[in-house]
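Quick one: structure below, then a few questions.
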Amino acid sequence: MGWTAPQRPWLLPTAVVILAVIGFGCAPGVPLYDGVGFPDEPYRFVSAPAGRAATKPPTSAVRQVRLKRGASEAVELATGEYGPQCHVLLPPGALRGTAATASLRLMPRAPEQPPGQGTVEGNAYRIIAAGQGGQVTGDSGQAGVISLRALTAAQPGPVIAYRAETGAAWLRLVTLRVGQDVYEAPFQGLGEYLLIRASAPAAAPVRGAGGGGPVWLFAGVAAAGGLFLLLAAVVTRARGRAHPAQPPVRDPQP
């Protein structure tokens, strides 16, 4: 004997819970900083542009890194603002050299405007490493990342640019939006990084990361719709089993 929908009172509440989980799972993720209840402090400038209120000085960061067999250990480096205006994550081997240890330093600088590339947003940040008893260089072949905080969450967002040394050409990096106003790019090695916001809207927006892009939202809606249709089909089939079609009544023969 087939089961009926009223015999499964948990079916509809379960469907609602599943749809809610899908909706929340596909919603854009909010990082600890720059989210509701966790506002960023005002951006700290090395040299505040015209019209900007004076702020506390921006912070630096330094970390002592050990090198074993010519390769560094994993290291994280972040400035001290809330949230950090620059954050670096380096896997093992991102620094290489003959030194036993190295002093890795992250320092804010007044930005130098790259010619014809848009408008610089915020400070530039220089990453240097000084080896103790030997030389140290950066290895861009490792999967390190650097993130910079923008001044606003306005879109299209800025991109991160990099140069190895003063006077070198700036290289625009593939940039992901990983927070309301936080942007991330692959670590290119020791040198200088900054944010550049295009003067005109870009042809295509920078793809978000961490589940924040519209593609994930559409996928979530599609998945929820598919689940709803599947659930409706199951309920309809169950009702059909509970109430089988009756044979047609024939007129009595004369």
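Nothing in this text is a laboratory measurement; each read-out follows from the coordinates by a stated rule. In this text, all values refer to a predicted model and were calculated from it rather than measured experimentally. Cβ atoms come from the backbone with ideal geometry, glycine included; neighbour counts cover every protein chain shown.
Per-residue HN-Hα couplings for the range 84-93, Karplus 6.51 cos²θ - 1.76 cosθ + 1.60 at θ = phi - 60°, whole Hz, x for Gly and Pro?
Each residue's phi maps through the Karplus curve to give x, 7, 8, 9, 10, 10, 10, x, x, x Hz.
Can you tell me the relative contact order of the range 61-197? Whole percent, Cα pairs under 8 Å, sequence separation 6 or more.
Relative contact order, the range 61-197: 25 percent.
Right, next: Are there any GluC sites (Glu not before Pro) in the range 107-181 that are in a DSSP loop and have at most 12 other Cβ atoms within 10 Å? List them by number.
Glu165
Sticking with the crude label model, points 7 Å out along Cα→Cβ, report the distance from Glu76 to Gln113 in nm, one decimal please.
Placing both labels 7 Å along Cα→Cβ, they lie 3.7 nm apart.
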